[in-house]
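Written out below as structure tokens is the structure these notes cover.
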Amino acid sequence: MTVTSVLVFMIQTNLAKRKQVKMAEQQEKLVEVENLVTYFPIFSGILQKKTGEVKAVDDISFFIRKGETLGLVGESGCGKTTAGRSILKLQEPTSGNVFFAGQNLIEMKGEALRKMRSQMQPIFQDPFASLNPRMNAGSIIGEPLEVHNLAKGKEVRKRVEELLNMVGLSPAMAARYPHEFSGGQRQRIGIARALSASPSFIVCDEAVSALDVSIQGQIIKLLMKLGEELNLTYLFISHDLSVVRHISDRVAVMYLGKIVEITTSDNLYKNPKHPYTISLLSAVPIPDPKVDRTRERIVLKGDVPSPINPPSGCPFHTRCQMAVEECKTMKQELKTIDNEHWVACHRV
Amino acid sequence: MEKVLDVKELRTNFYTDEGVVKAVDRLSYHVNKGECVGLVGESGCGKSVSAMSVLRLIPYPPGVIEGGEILFKNEDLLEVSEKRIQEIRGNKISMIFQEPSTSLNPVLSVQRQLTESLELHRGMSKVDAKAESVRLLDLVEIPDSDRRVTDYPHQFSGGMQQRIMIAMALSCSPELIIADEPTTALDVTVQAQILELIAEMRERLGTAVLIITHNLGVVARYVERLNVMYAGSLVESGPTDVLYAKPKHPYTIGLLRSVPRLDKPKSKVMEVIEGMPPNLAHLPVGCPFAERCRYVMPQCREEKPELKELDDRHFSACFYDPNKLS
């Protein structure tokens, strides 16, 4: 064997190995979001000329592993809902890529996309607005099965019964209409509907926010149980940090259309790095007066700036305690500072 | 201690097609002078109705205050004339509501809304009232107050609108402020700002505050005493520190355990209260919580437990031995 052939062989095996590693990584990641951008144009004047854009989601990238729950937290208007909708392609993103099981959803169209959709389902916030009042629970839950041609006639009814049991409702309730259910029960129907096409990925957009404390606990417990039993991957969007931390494996914090920090949920409370995350955590009240009184509360001054005209450089610099002159101009990128910990702040 | 507000055996019913809804069922609580008291419960437990009853703001029909006493500085608000209650509303007792965007009048400037009660209750001249309205906005830390006072509510953010509501509530130096879910519609960082502001105002002006909320976390830091409501009546009442550390009613215990806590390590299994609150139109004979209670005994389904004092100022309405609860 000549030296060159040995070299070629080595390079080839090396490449093959790399490819294998990459494949393994790809398999692990169910959802991968790359530089996702969603802007909403603003039209004004008689001629309805485009005069600006609401930068709802402004270049975010992250991934969700198979079977994992990623929490997405942020204050209202930070773009977390738009991010969820763009990932499901319920909202056409302006640019960027979303890979689902290795396939780019953004490039998909028509039938291929429709087929893919059975794999990913949303659960919405308002159980009063997200169920059709003219359909009974059975047909609400069975509809995805028919849409995706997964079952017919008797099979649908059987599957609906199974699903109702799964979410803790009695099969006899299939004939009832949404107004006959309480808020918590309606949310259970919403969950059953999301599960009916046996998806692998579910986006929960403030799925427990509208519910009462005692009911909220029940639904969180149910979502966690189902996640484990059916090996579901969740994107759990919420403004409630305590709930998100409880349910998620990793948490991403969003501010003004950008992700400022991603870390494991245990690390989030123990070792937050981004100044926004720190102040957000300190503002969350803890139901124990002795603990809560001793915590230092960093009260952020002012309001969240408008996403139509976000601050230059780091979007948080206008309210940040650690801000220096550079923050006004320097663009912040998510950088890894530790295993599983990414922060977008150059001061960390 | 002098009581500013003393609610005794209050009963408020709503007459609906479904039957008589007992929204508030023999509720008693009090607020001392300068004290900050919490009233906690889930939606539909009657906490807001009880607050509205204090100011006689229950819509009639279908709502009727059936009985009880509401003593405000020894004057029964249920007995006084309409004219007298109007003198008290917004003057001696003022309210802060949940949704600032729906509580403020969208077609009047903030100044007009602030001066209204100043002219009415404090008899100020228009010029004085205008100057006072700017001072009030300063008090609640709205920047650029002299310029922004002529703006309309939609020009302010949610947090700023709530600040305006607080300014309005403070305008006549009331002796009691009833804050009904003052931070529920707000983001967590803004919520912290507003609660700090209410606490600061209370300290500075010595006003008594009744905070009504569904969130046990929100009030932990601020209230001195806490009342927990379930299905129209009080189930537990006590000093904040005692109540959070050693709750003695199964409902309070369950409620505290079913909220995930940021400061505690994540638990694999979450304890939750199963079932749903009862329909207020068809309340069971016994304890309203019996259906969902882990400690339920035959007695609980037959008679309704009364509030009993367990130790100093700590009351619970439960038949079960409080020392055996865990």
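The values are calculated or read from the model by the stated rules, or taken from the named source; none is laboratory data. Remember, predicted model here, so these are calculated numbers, not experimental data. Note: ideal-geometry Cβ built from the backbone for every residue, glycine included; neighbour counts use all protein chains shown.
For this structure, a couple of remarks:
- Residues that are under 16 Å from A:V213 (Cα atoms), within 14 Å of chain A (Cβ to nearest Cβ) and assigned to a strand (DSSP E or B) within region B:186-238 comprise B:T213, B:V228, B:M229, B:Y230, listed in sequence order.
- Qualifying residue in region B:191-207 (condition: surrounded by fewer than 24 Cβ atoms within 10 Å (Cβ to Cβ), hydrophobic (A, V, I, L, M, F, W, C) and farther than 25 Å from B:I93 by Cα): no
- All conditions in (1) in contact with a Pro (Cβ under 6 Å, 6 or more places away or on another chain); (2) part of a loop (DSSP other than H, G, I, E, B); (3) at pLDDT below 90 hold for B:C318, with the sole exception of (3).
- Test for A:I337: is it in contact with a strand residue (DSSP E or B) (Cβ under 6 Å, 6 or more places away or on another chain), surrounded by fewer than 21 Cβ atoms within 10 Å (Cβ to Cβ), among the β-branched types (V, I, T) and not in a loop (DSSP other than H, G, I, E, B): yes
- Meets criteria (surrounded by 14 or more Cβ atoms within 10 Å (Cβ to Cβ) and at pLDDT 85 or above) for B:E224: yes
- Flag for B:M168 being surrounded by 23 or more Cβ atoms within 10 Å (Cβ to Cβ) and more than 14 Å from chain A (Cβ to nearest Cβ): yes
- Unmet criterion (only one of (1) free of Cβ contacts under 8 Å to residues at least 40 places away in the same chain; (2) in a helix (DSSP H, G or I); (3) within 14 Å of another protein chain (Cβ to nearest Cβ)) for B:V242: (1)
- Of all residues in region A:210-237 being polar (S, T, N, Q) and within 11 Å of another protein chain (Cβ to nearest Cβ), the one that is nearest to B:V188 (Cα to Cα): A:Q216
- Whichever residue in region B:174-185 is acidic (D, E) and within 14 Å of B:E99 (Cβ to Cβ) and, among such residues, is farthest from the other protein chains (Cβ to nearest Cβ): B:D180
- In region A:255-273, the residues that are under 15 Å from the mean Cα position of the chain (by Cα), more than 10 Å from every other protein chain (Cβ to nearest Cβ) and surrounded by fewer than 22 Cβ atoms within 10 Å (Cβ to Cβ): A:T264
- Candidate set: region A:274-300, residues that are part of a loop (DSSP other than H, G, I, E, B) and in contact (Cβ under 8 Å) with a residue 24 or more places away in the chain; chosen: the one farthest from the other protein chains (Cβ to nearest Cβ): A:H274
- Residue that is farthest from A:G77 (Cα to Cα), among those in region A:316-345 that are away from every other protein chain (no Cβ under 14 Å) and touching a helix residue (DSSP H, G or I) at 6+ places or on another chain (Cβ under 9 Å): A:D338
- Within region B:291-303, not a single residue is in contact with a strand residue (DSSP E or B) (Cβ under 6 Å, 6 or more places away or on another chain), more than 8 Å from every other protein chain (Cβ to nearest Cβ) and not in a loop (DSSP other than H, G, I, E, B).
- Criterion violated by B:G275 - all others in (1) within 9 Å of chain A (Cβ to nearest Cβ); (2) within 20 Å of B:K248 (Cβ to Cβ); (3) out of contact with any Leu (no Cβ under 8 Å at 6 or more places or on another chain) satisfied: (2)
- When A:G96, A:G71, A:G67 are screened for being buried (at least 21 other Cβ atoms within 10 Å of the Cβ) and at pLDDT 90 or above, only A:G71 passes.
- The number of residues in region A:168-207 being within 14 Å of chain B (Cβ to nearest Cβ) and not in a helix (DSSP H, G or I) comes to 6.
- With respect to the stated conditions, A:S312 is of a type in the set (S, T, Y), in a loop (DSSP other than H, G, I, E, B), in contact with a Ser or Thr (Cβ under 8 Å, 6 or more places away or on another chain) and under 21 Å from A:K55 (Cβ atoms).
- Strands (runs of 3 or more DSSP E) wholly inside region A:28-75 containing at least 1 residues that are closer than 23 Å to A:P315 by Cβ and without any contact (Cβ under 8 Å) to a residue 60 or more places away in the chain: A:29-44, A:49-65
- When restricted to residues that are among the small types (G, A, S) and touching a helix residue (DSSP H, G or I) at 6+ places or on another chain (Cβ under 7 Å), region A:68-84 contains 2.
- Figure legend. Inter-residue proximity from region B:11-36: first residues farther than 30 Å from B:H314 by Cα and of a type in the set (V, I, T), second residues modelled with pLDDT under 90 and not in a strand (DSSP E or B), beta-carbon distance below 8 Å, spacing 6+ or different chains. Indicated pairs: B:T16/B:P62; B:T16/B:A281; B:V20/B:A281.
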